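Asks: What follows is a structure written as structure tokens; I'll ask about it next.
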Amino acid sequence: MRQQAGRRLDRGRRAGHPATVPDIATALAAAFGLITEGDRAVLSIVTLSLQVSFLAVALAALVGLPLGAFLAVARFPGRRPLIIAGNALMGLPPVVVGLLVYLLLSRSGPLGGWGLLFSPGAMVVAQVVLITPILATLSREVLEGLWEEYGEQLRSFGATPRLAVPTLLWDGRFSLLTVLLAGFGRASAEVGAVMIVGGNIEGHTRVMTTAIALETSKGDLPLALALGMVLMTIVLAVNAAAQLLRDLAQRRQG
Amino acid sequence: MRMPETALPLVARGLGFSAGGTALLREIDLVLEAGPPTLIIGPNGAGKSLLLRLLHGLLQPGAGWVRWQGRAAPRAAMVFQRPVLLRRSVRANAAFPLPLAGIPAADRGLRVAEALALVGLTDLADRPARRLSGGEQQRLALARAAALRPEVLFLDEPCASLDPAATAAAEYIIQTISRQGCKIIMSTHDLGQARRLAGEVIFLHQGRVCEHAAAPQFFQAPSTPQAAAFLNGELLW
Amino acid sequence: MIALSRRALPLLLALPARAQSSSITIASTTSTEQSGLFSHILPSFRDATGIAARVIAPGTGQALDVGRRGDADVVLVHDRPAEEAFVAAGFGGPRRHVMFNDFVLVGPATDPAAIAGLSDASEALRRIATKRAGFVSRGDRSGTHAAELRLWRLAGLDPTMGRGNWYREVGQGMGPALNTAAAQDAYILSDRGTWIAFRNRQALRILVEGEERLFNQYGVMLVNPARHPHIRAAEGQVFIDWLLSDAGQQAIAGYRIGGEQLFFPNARQPEPVS
């Protein structure tokens, strides 16, 4: 099956362009072909990309959103430094994250026993590290506004900051969806970290971005561009679906 | 009216609060007993909202103290000028504070139903709360407070943004809650409203308690020139 | 809590992985992966043995590092001195030679250093250095990078004198380095396999080839299971045995692009001295 898929990718490549000049129109046609033909290899790459990024966003949200909400409501010494650190970590270079996670998960590293290096799980770990600060910082930003509105009333009800966190998360759910999408966008567009910890193994850890990097390496710029367009289409579709969901729910909620 | 187990009286001694070097409240001494509504009146900037927040414990005083001197644990609720409604249904809003107040789950449904009936929102129970009109929103805030069955209800200018009809509805609800034995402590800048609702009046001026008297006495024979001027509709500053 | 997450997290993270009865991880070079060789031979290997092989291809230097850390079961690379050091240090082995191809000196058709058709790679490099013509180096401790540095030494030159000027170290795989050379009309040393599979050649042509110093031997080693107990030694050995068998050698010989053979199996012949 993989051989067949590989051949199809190859055929797409041959059909792509015999010359060496990258041609955006050719790339468009190739991208269209990849999508409409339902190319098996591309399909499995797309599926893995979505699985890894969705799982990473879900895990990062479990930590990042409550942390962001807590930072929005609680006042304690060390809060400012924590917020500044979170802001700085948003710009964490993916390659550095990749390297750190690589050293952690390597068989010679402290978490080598998990046997996760060069697996989709390792890519999830790297993306979680990368986007948790983003989710925490953006959700704090969003929920601080909500807390300004709710704070007095909730404290009047006797809610401590810890008890206010779930209320803010639930009532801020529509804005937080945008925060999650930002995390998803960053996760799915990232290449440096997943390349290092995933290894870009065909049929196992090859995702959209590493596939694009590989085709660029091979000098097949039209195919690389076509894969890029497929990735953009998917990210666009995910965003559109989420936005639609949000609008529908919000119209009901007011 | 005083119930056997009560947290009242609520006593403030030497209460002061300043922000940015400006004293906003000074040397406030109050004893608030169970009974008919206490209305806090005074010109804008007199410190009415601030005093309510200090009494409710939302703010810590810069000087002096506030204490419940009865034997029971205090049960208080507060309704704000702009109702703070959660992004949920009317019913969920009314039920929201009950678990925080330790009300057993089995009792919550009945309390919510009664409170919504009291404010006339039973039919809208499943509506999103933030879709209600301004008057309905404030009635929901009152229902949410009533569901707690508080011993004291603080109200900070609850009708300031309402039209006359909605104000009349809100006042009726406040009077009903009061008749059920709940102590009302409410600020207003509307003299007519104070006349309609007050059992006693606290007149605040420039951060001090100018007068604290039974309503008839205050309105007929104010003992300070400032209160007399305020009642005459003169500008005070 | 921590004890729980230590058990639960790997389990959870293993979810997206496809169930794989048995599989090995091979650390290799960009040339074998980017030329398409592995995509060609691994399905035959799996059909023959039921073992799935996963390839990571960071380049010879890093591939040996990955083996050293125990993160791969088999290493297949092309830098004999580095491989022998790897074996001597007990990280794996024994080293077996698998196949060869050759390096080619590639440059712009305009050939400003006039090296086209030379039969002496050293002379070609001397002319490039004299002309200070643009030269792209891998600069990534790969097998090709090591071979390039050996060629400069043989020519009696130190190209790092031209660093930041005409000697450009990109620190990337063969493909990206070729992309750079194509964009800059620069000379570059490439393995033939990647060159044949490379599609963004623009003005680049092969200018010098077929010289014995351009010989490029690939070797394979099992990572030492005594150092890293989790190494899948049995499956890894099955892969090495298959690669060296007639079936494996024929699979390698059978990989062609446009009728051109990219790698030449030589497991059964005594290895030429390189």
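The values are calculated or read from the model by the stated rules, or taken from the named source; none is laboratory data. Owing to the predicted nature of the structure, the values given are computational and were not obtained by experimental measurement. Positions of Cβ are generated from backbone atoms using ideal geometry, with glycine treated the same way; all protein chains shown enter the neighbour counts. Heavy atoms of the whole protein, side chains included, go into the accessibility calculation; ligands, DNA and RNA do not. Shrake-Rupley method; radii C 1.70, N 1.55, O 1.52, S 1.80 Å.
Asks: Which residues' amide hydrogens lie under 5 Å from the amide hydrogen of C:R232, considering only partners 5 or more residues apart or on another chain, with H built in the peptide plane?
Replies: Distant-sequence amide H within range of C:R232: zero hits.
Asks: Arrange the residues C:V220, C:V238 by how much accessible surface each exposes, largest first, with a 1.4 angstrom probe.
Replies: So the residues, ranked largest to smallest area, are C:V238, C:V220.
Asks: OK, next. Would you mind working out the accessible area per residue for chain C, using a 1.4 Å probe, and quoting it in Å²?
Replies: Value for chain C: 41 Å² per residue.
Asks: Can you give the FRET efficiency to the nearest 0.05 for B:V31 and B:D163, using r as the Cβ-Cβ distance and R₀ = 41 Å?
Replies: About 0.70, to the nearest 0.05.
Asks: Could you compute the FRET efficiency for B:Y172 and A:L244, with r as their C-beta to C-beta distance and R0 at 60 Å, rounded to 0.05?
Replies: 0.85
Asks: For peptide A:216-226, how many partner chain Cβ atoms fall within 10 Å of a residue's Cβ, on average?
Replies: 6
Asks: Once you've got the GNM for chain A with C-alpha springs shorter than 10 Å, pick whichever of A:A122, A:A159, A:A213 has the biggest mean-square fluctuation.
Replies: A:A159
Asks: With a Förster radius of 30 Å, plug the Cβ-Cβ distance of B:A63 and B:D126 into 1/(1 + (r/R0)^6) and report the FRET value to the nearest 0.05.
Replies: The formula returns an efficiency of 0.05 here.
Asks: At what distance in angstrom do the alpha carbon centres of the stretch C:22-64 and the stretch C:149-207 lie from each other?
Replies: After rounding, the separation between the Cα centres reads 25 Å.
Asks: Hey, what does the equivalent ellipsoid look like for the stretch A:26-253, semi-axes from the Cα gyration tensor as sqrt of 5 times each eigenvalue, largest first, whole Å?
Replies: Listed largest to smallest, the semi-axes of the stretch A:26-253 are 36, 23, 13 Å.
Asks: Separate question: Going by a ≥ b ≥ c, the root eigenvalues of the Cα gyration tensor, does the stretch C:102-214 fall in the rounded group (a/c under 1.5), the prolate group (a/b larger than b/c) or the oblate group?
Replies: Rounded, because the longest to shortest axis ratio a/c is under 1.5.
Asks: Using Cα pairs under 8 angstrom and six or more residues apart, how large is the relative contact order of the stretch C:102-214, in percent?
Replies: Relative contact order comes out at 47 percent.
Asks: Just by accessible area at a 1.4 angstrom probe, what is the order of B:S89, B:S133 from largest to smallest?
Replies: Descending order: B:S133, B:S89.
Asks: Where the centre of each part is set by its Cα atoms, how far does the stretch B:164-235 sit from the stretch A:174-217, in angstrom?
Replies: Each part reduced to its Cα centre gives a spacing of 65 Å.
Asks: I need the semi-axes of the equivalent ellipsoid of the stretch C:164-274: take the C-alpha gyration tensor, multiply each eigenvalue by 5, square-root it, list largest first in whole angstrom.
Replies: Semi-axes, largest first: 32, 19, 14 Å.
Asks: Checking the a/c ratio against 1.5 first, then a/b against b/c, what shape does the Cα gyration tensor give for chain C?
Replies: Cα axes put chain C in the prolate bin.
Asks: If you count, for each residue, the other Cβ atoms within 10 Å and average over each peptide, how do C:250-256, C:125-131 line up from highest to lowest?
Replies: So the peptides C:250-256, C:125-131, ranked by packing, come out C:125-131, C:250-256.
Asks: Now a separate question. Is the stretch C:39-80 best put as rounded, prolate or oblate by its Cα gyration tensor, with a ≥ b ≥ c the root eigenvalues, rounded for a/c under 1.5, and otherwise prolate when a/b is larger than b/c, oblate when not?
Replies: prolate
Asks: Cα axis of helix B:164-179 to longest principal axis of chain B: angle in degrees, 0 to 90, nearest 10?
Replies: The helix B:164-179 is inclined about 90 degrees to chain B.
Asks: Same structure again: Scan the stretch B:1-56 for GluC sites (Glu not before Pro) in coil per DSSP, keeping those whose Cβ has at most 13 other Cβ atoms within 10 Å, and list them by number.
Replies: The qualifying sites are B:E5.
Asks: Using Cα-only point scatterers and the Debye equation, what is log10 of I(q)/I(0) for the stretch A:122-188 at each q in 0.18, 0.26 Å⁻¹, rounded to two decimals?
Replies: -0.69, -1.07
Asks: Mind checking B:10-21 for the average number of partner chain beta-carbons within 10 Å of each residue's beta-carbon?
Replies: Rounded to a whole number, the mean comes out at 0.
Asks: Quick one: helix A:79-89 against the long Cα principal axis of chain A, what's the angle to the nearest 10°, folded into 0 to 90?
Replies: Between helix and principal axis, roughly 10 degrees.
Asks: Please list B:W68, C:W242 from largest to smallest accessible area, probe radius 1.4 Å, with all protein chains kept in place.
Replies: Result of the area sort, largest leading: B:W68, C:W242.
Asks: Other chains near B:56-69: what is the mean number of their Cβ atoms within 10 Å of each residue's Cβ?
Replies: 1
Asks: Between 0 and 90 degrees, rounded to the nearest ten: what's the tilt of helix A:40-73 against the longest Cα principal axis of chain A?
Replies: 20 degrees
Asks: May I ask you to evaluate 6.51 cos²θ - 1.76 cosθ + 1.60, the Karplus curve with θ = phi - 60°, for each residue of the stretch B:130-141 and list the ³J(HN,Hα) values in order in whole Hz, giving x for glycine and proline?
Replies: In residue order, the calculated couplings are 7, 8, 6, 6, x, x, 5, 4, 5, 5, 5, 4 Hz.
Asks: For the stretch C:228-274 and the stretch A:99-139, what is the separation of their Cα centres, given in Å?
Replies: 34 Å
Asks: Related question: Separation between the B:R75 and B:S18 pseudo-spin-labels, each 7 Å from Cα along Cα→Cβ, expressed in nm?
Replies: Taking the simple label geometry, B:R75 and B:S18 are separated by 4.0 nm.
Asks: If you don't mind, another one. At a probe radius of 1.4 Å, figure out the C/A buried accessible area, summed over both chains, and give it in Å² to the nearest 100.
Replies: That pair of chains buries around 3300 Å² in total.
Asks: Dipole magnitude of the protein assembly as shown about its Cα centre, charges +1 at Lys/Arg Cβ and -1 at Asp/Glu Cβ only, in debye to the nearest 20?
Replies: I would put it at about 1140 debye.
Asks: From the phi of every residue in the stretch C:160-168, what ³J(HN,Hα) in whole Hz does the Karplus formula 6.51 cos²θ - 1.76 cosθ + 1.60 yield, where θ is phi - 60° and glycine or proline is x?
Replies: Values, residue by residue: 5, 4, x, 4, x, 10, 8, 9, 10 Hz.
Asks: Once phi is turned into θ = phi - 60°, what whole-Hz ³J(HN,Hα) does the Karplus curve with 6.51, -1.76 and 1.60 give for every residue of the stretch A:232-238, x standing for Gly and Pro?
Replies: Once θ is set to phi - 60°, the couplings for the stretch A:232-238 become 5, 4, 5, 4, 4, 5, 4 Hz.
Asks: Let me test this: with uniform point scatterers at the alpha carbons of the protein assembly as shown, what is the Debye-based log₁₀ I(q)/I(0) at q = 0.07, 0.11 1/Å?
Replies: Treating every Cα as an identical point scatterer, log10 I(q)/I(0) equals -0.67, -1.12.
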